[in-house]
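So the structure is just underneath, and the comments pick up after that.
The values are calculated or read from the model by the stated rules, or taken from the named source; none is laboratory data. Just so you know, these numbers come straight off a predicted model, no measurement behind them. All Cβ positions, even for glycine, are placed from backbone atoms using ideal geometry, and neighbour counts span all protein chains on display.
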Amino acid sequence: MKTTRWSLLLAGLASMAGGCQPEEPVQTPTAALASQKAALSVGTWTLNASSRLAHPGGHTATLLSGPGDVLVTDGSGTEVYNPYTNFWRRTASMTTSRTYHTATELPSGKVLVAGGRTSDWSTLFPSAELYDPATDTWSPTGSLFVPRFNHTAVRLDSGKVLVAGGNQPAGRYGPIGPPGEVYDPETGTWTEVAGSFTSRSRTGAAVLYSGKVLVTGGYRYWPPGSEFASAEVNIYDPATNSWSYAPNMIRARHGHSAIRLYSGNVLVVGGIDGGNTVELYDPYTNQWSLGPPLPFNSTPFFSATMLYSGEVLVTDGIGQAAVYDPSTNTWNTTPYMKVGGRSEPSATLLHTGEVLFVGGNSSFPNYVERFTR
């Protein structure tokens with residue numbers, strides 16, 4: 001009994017002493033969640049097997065939706081990466097050695113490669129060809145109306161492919177040929193797009209839920225001596241095969257990304273002259289608004305990839321990266337990439353939900369890494 005009484009007495013004294021100490025501030029549930037979120041990891045970077053070929057920039061990387069492999073091709077050749085075995089294999093090269101082309105997977109599983117140029121800038125190509133993953137072969141298809149590179153290509157809901165802008169041959173009065181063309185995989189032919197569109201290169205493009213295509217910004221390269229980044233915005237309507245104008249962006253930029261979010265809004269981020277500003281386009285009101293600025297602003301070279309979660313991974317040219325969360329309209333930084341200096345990498349969302357980065361670095365053009373959220 002004595003032991004019990006002394007224990008109770010000591011416990012009471014300890015409780016009284018503790019009660020005299022200043023109390024810890026109690027976080028609200030919202031603040032506590034924010035604190036926990038900040039402490040959580042926002043992804044990891046891991047090096048993968050190096051590519052067999054060097055891809056310093058100007059290449060394309062296309063997810064083959066059937067097997068989940070990634071087709072990487074440029075003027076140095078073509079190879080296919082298996083993300084499940086972490087293995088690269090060489091395959092047949094394109095019939096025309098080209099760089100700064102576009103590559104778009106068709107509903108058939110084949111990949112349309114269009115335009116591009118030689119590595120020494122001496123030749124621009126109007127030609128197009130198809131890669132068949134079933135046979136690992138390339139075959140020619142209908143050519144563009146005009147040679148072009150640094151253009152933009154998106155697959156429409158119909159399965160056709162819209163090509164917009166790019167650097168084109170120029171005559172006395174400006175670029176030659178239509179600013180936009182549509183490829184029909186059923187016929188293997190191209191159709192010109194009507195309407196108003198100022199030819200420019202390095203635009204961003206996003207297919208809206210309506211089926212229309214929003215094309216943003218770009219670089220106006222004509223006439224010589226008056227080149228500038230553009231804030232111009234156009235909308236392509238597949239129902240009428242024509243262009244129309246939309247309100248200009250708040251800030252001119254080129255080489256940026258335009259990502260359609262699950263909400264239907266379009267996130268525009270990065271690019272030369274874009275700085276750390278972020279813009280959001282609302283297709284329901286046809287208006288632009290500023291989003292939260294990027295947490296870094298050190299280089300004009302960016303990539304942006306939408307994850308299955310609806311978040312958007314953004315990287316810059318020196319290896320910084322951040323993830324945009326549309327549900328909170330906030331950014332979370334990630335660790336640095338394993339390889340900095342990727343000024344022109346390809347970023348491909350894999351079936352696993354990871355993002356594969358290939359090349360884009362002249363010093364380490366074979367280095368490959370993945371981001372895992």
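At-a-glance table
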| quantity | calculated |
| --- | --- |
| Among the residues listed as 317, 353, the single one being surrounded by fewer than 16 Cβ atoms within 10 Å (Cβ to Cβ) and under 15 Å from the mean Cα position of the chain (by Cα) | 353 |
| Output for region 210-244, where each listed residue is at pLDDT below 95 and basic (Lys, Arg) | 220 |
| Residue tally, condition in contact with a Pro (Cβ under 6 Å, 6 or more places away or on another chain) and of a type outside the set (Gly, Ala, Ser), over region 331-373 | 5 |
| Flag for residue 141 being touching a strand residue (DSSP E or B) at 6+ places or on another chain (Cβ under 6 Å), surrounded by fewer than 16 Cβ atoms within 10 Å (Cβ to Cβ) and among the β-branched types (Val, Ile, Thr) | no |
| Sole exception among (1) under 27 Å from residue 217 (Cβ atoms); (2) aromatic (Phe, Trp, Tyr); (3) crowded, with 22+ Cβ neighbours inside 10 Å for residue 131, by number | (1) |
| Strands (runs of 3 or more DSSP E) completely within region 216-274 that count 1 or more residues being closer than 27 Å to residue 307 by Cα, under 18 Å from the mean Cα position of the chain (by Cα) and of a type in the set (Ser, Thr, Tyr) | 257-260 |
| Hits in region 278-311 - residues which are in contact with a Lys or Arg (Cβ under 9 Å, 6 or more places away or on another chain), under 28 Å from residue 210 (Cβ atoms) and either at pLDDT below 95 or among the charged types (D, E, K, R) (or both) | 279, 303, 311 |
| Positions within region 67-88 being part of a loop (DSSP other than H, G, I, E, B) and either touching a Pro at 6+ places or on another chain (Cβ under 6 Å) or not acidic (Asp, Glu) (or both), in sequence order | 67, 68, 75, 76, 83, 84, 85, 86 |
| Members of region 40-53 found to be crowded, with 18+ Cβ neighbours inside 10 Å and either assigned to a loop (DSSP other than H, G, I, E, B) or touching a His at 6+ places or on another chain (Cβ under 8 Å) (or both), listed by number | 42, 43, 48, 51, 53 |
| Breaking point among (1) in contact with a Ser or Thr (Cβ under 9 Å, 6 or more places away or on another chain); (2) closer than 30 Å to residue 352 by Cβ, for residue 261 | (1) |
| Qualifying residue in region 241-252 (condition: surrounded by fewer than 22 Cβ atoms within 10 Å (Cβ to Cβ) and in contact (Cβ under 8 Å) with a residue 60 or more places away in the chain) | yes |
